[in-house]
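Some notes on the structure that comes next.
The values are calculated or read from the model by the stated rules, or taken from the named source; none is laboratory data. Computed from a predicted model, the values in this text were never measured in an experiment. When we count neighbours, we look across all protein chains shown, and the Cβ atoms used for this are built from the backbone with ideal geometry, even at glycine.
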Amino acid sequence: MSAHAYFAGDWLALREPLDHASRDASLTTRAARALDTGPVAEKTIVDLGCGSGSNLRYLAPRLPGPQRWHLLDHDRTLLDAASAGNCRDRDGRRPAIETHETNLADTAWHRLLDDADLVTASALFDLVTADWVDSLADACAQRRLPALFVLSVDGAIDLQPSDPEDPRVLARLQAHQARDKSFGAALGTDAPRVVRQAFSRAGYAVHAADAVWVIDNAAQAAVATALVTGWRDAAIEQSPSEGDHISQWAERRCRQLRAGELRITVGHQDLFAMPRTR
């Protein structure tokens, strides 16, 4: 997506069904088991870059309660949307929800994580830097926090049928994903590898799984069109001199989408990290 579209509420709403369908359920089960240990008590879950609350809506019904969620984001409008839902935990109780308008580039982990029992994030790590990930892994390790991070793009994109311009456009897209997204030079498609390595170095057992978007039917035309349009905008921003070729590519692809003639898969990685037993 283009830089301005990363946090747009309409895009987040469009992608939510794909996100939920592609997530790896076994890693959520691991997170639930981590919270199930010890006496029954309110579990505090910190959601970094929560957006409009998709991660909350997916996880709350699958995790034990009672739950208290700390939702962190830089956008007050998205935080208000995230806290407005009616979700329940696995035991049917309404979670307590606190929202925090926070600049995550300021890694004041002592303030953000001290009360946490689980830290989680969705579609965040392609935007941040390797140093930011290292600081998060160290802060989690100090507190021996389990971590569930999902939907980090891994660069695996396939469009069928293929188009001669696909390699050009996708190369420009991948370069754009590595540009500064307010944290510094972004990890982009390196995010899954960097997060795995950082938490392994910090003393975690790391479990990873594929989470692949599959867009292959007319009911998904709206999200598919938004995706292709976002790719177009990012590629043109990366290489303005190729704007005409990239726009023509996007027009062809959108025509195919409307005709039900295009299948798109987009690779992501999910990760659950648990401190190793001492």
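Some values worked out for this structure:
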{"item": "The stretch 191-216: number of residues that are out of contact with any helix residue (DSSP H, G or I) (no Cβ under 8 Å at 6 or more places or on another chain) and either under 22 Å from Leu227 (Cβ atoms) or not polar (S, T, N, Q) (or both)", "result": "5"}
{"item": "Scan of the stretch 210-237 for residues that are without any contact (Cβ under 8 Å) to a residue 40 or more places away in the chain and under 13 Å from Ala259 (Cα atoms), ordered by number", "result": "Ala219, Ala221, Thr225"}
{"item": "In the stretch 208-225, the residues that are more than 17 Å from the chain's Cα centre (by Cα) and either assigned to a helix (DSSP H, G or I) or aromatic (Phe, Trp, Tyr) (or both)", "result": "Ala218, Ala219, Gln220, Ala221, Ala222, Ala224, Thr225"}
{"item": "Top-ranked residue of the stretch 33-72 - restricted to ones that are within 21 Å of the chain's Cα centre (by Cα) and among the β-branched types (Val, Ile, Thr), ranked as surrounded by the most Cβ atoms within 10 Å (Cβ to Cβ)", "result": "Val46"}
{"item": "Extreme residue, surrounded by the most Cβ atoms within 10 Å (Cβ to Cβ), among residues of the stretch 235-248 that are in contact with an Asp or Glu (Cβ under 8 Å, 6 or more places away or on another chain) and under 25 Å from Asp126 (Cα atoms)", "result": "Ala235"}
{"item": "Some residue of the stretch 251-263 being in contact with a strand residue (DSSP E or B) (Cβ under 7 Å, 6 or more places away or on another chain) and either surrounded by fewer than 20 Cβ atoms within 10 Å (Cβ to Cβ) or not charged (D, E, K, R) (or both)", "result": "yes"}
{"item": "Among (1) at pLDDT below 95; (2) under 25 Å from Ser135 (Cβ atoms); (3) in contact with a Leu (Cβ under 9 Å, 6 or more places away or on another chain); (4) surrounded by fewer than 20 Cβ atoms within 10 Å (Cβ to Cβ), the one test that Thr225 misses", "result": "(2)"}
{"item": "Test: residue in the stretch 238-248 that is under 24 Å from the mean Cα position of the chain (by Cα) and β-branched (Val, Ile, Thr)", "result": "no"}
{"item": "Filter pass, Glu98 being surrounded by fewer than 18 Cβ atoms within 10 Å (Cβ to Cβ) and more than 30 Å from Ala202 (Cβ to Cβ)", "result": "no"}
{"item": "Checking Ala178 against (1) free of Cβ contacts under 8 Å to residues at least 24 places away in the same chain; (2) over 26 Å from Arg196 (Cβ atoms), the condition it does not meet", "result": "(2)"}
{"item": "Residue check, Ala130 modelled with pLDDT under 95 and of a type in the set (A, V, I, L, M, F, W, C)", "result": "no"}
{"item": "So Arg232, is it assigned to a helix (DSSP H, G or I), surrounded by fewer than 21 Cβ atoms within 10 Å (Cβ to Cβ) and either charged (D, E, K, R) or modelled with pLDDT of 95 or more (or both)", "result": "no"}
